[in-house]
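Contents: one structure, followed by commentary.
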Amino acid sequence: YGFESYVVGETTTPAARARDLVIAASGRGHTAGVIHRAREARALGARVFVFTSAEKSPLLDVANFSIVIKPPPGGSFQFGTNWFEQGLFLLLECVAHRLARAKKVTFKKLLLRHANLE
């Protein structure tokens, strides 16, 4: 449908190149492995899009583009950054839905690309 996507670290993921878009997410923006991969991607000329809840962080410093998902006022009763992960999930579901509508991709077409050997 016009997009190719891969997961960093999978054996079938091709080499990152200039002009690729690497998406990185870390609630606190200090996850060493995520920061390291983002820096590697930038060194290869890829663009890095970061999702974080930290308005200042080492990960945000690497980003070409970013969205900061702010914590709830007064904090959260949830452990760690669960609220961040849930918010990120909902946000990315909305993005996927909008892209599917823009590309006129039906649910039936998407189902053909969904894993069936689980």
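Tabulated data
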quantity	calculated
Rg over Rh [alpha-carbon atoms, Kirkwood Rh] for the chain	1.00
Euclidean distance of C-alpha centroids, the stretch 1-73 and the stretch 89-118, integer Å	21 Å
Along the chain, longest interval not containing exposed chymotrypsin sites (Phe, Trp or Tyr not before Pro), exposed being DSSP loop plus at most 13 other Cβ atoms within 10 Å	7-76
Spin-label pair Ile67/Val95, simplified geometry with 7 Å Cα→Cβ offset, distance in nm	0.5 nm
5 angstrom amide H check on Ala16, placed H, neighbours 5+ away	none
Amide H contacts under 5 Å for Ala24, placed H, 5+ residues apart	Phe49, Val50, Phe51
Residue among Phe79, Leu99, Pro58 farthest towards the positive dipole end of the chain, charges placed on Cβ	Leu99
The stretch 53-118 - percent of accessible surface contributed by carbon and sulfur, probe 1.4 Å	61 percent
In the stretch 1-87, the GluC sites (Glu not before Pro) that fall in loop regions by DSSP, at most 13 other Cβ within 10 Å	Glu4, Glu10, Glu55
DSSP-loop trypsin sites (Lys or Arg not before Pro) across the stretch 28-104, with at most 16 other Cβ within 10 angstrom	Arg28, Lys56, Lys103, Lys104
Heavy-atom surface of the stretch 1-65, accessible at 1.4 Å and reported per residue (Å²)	68 Å²
Lys108-Ala18 FRET efficiency (beta carbon distance; Förster radius 25 Å; 0.05 resolution)	0.10
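The values are calculated or read from the model by the stated rules, or taken from the named source; none is laboratory data. What you are looking at is a predicted structure, and each value in this text was computed from that prediction instead of being measured. Cβ coordinates were reconstructed from backbone atoms using ideal geometry, including for glycine residues, and neighbour counts include every protein chain displayed. All accessible areas refer to the heavy atoms of the entire protein, side chains included, with ligands and DNA or RNA removed. Shrake-Rupley method; radii C 1.70, N 1.55, O 1.52, S 1.80 Å.
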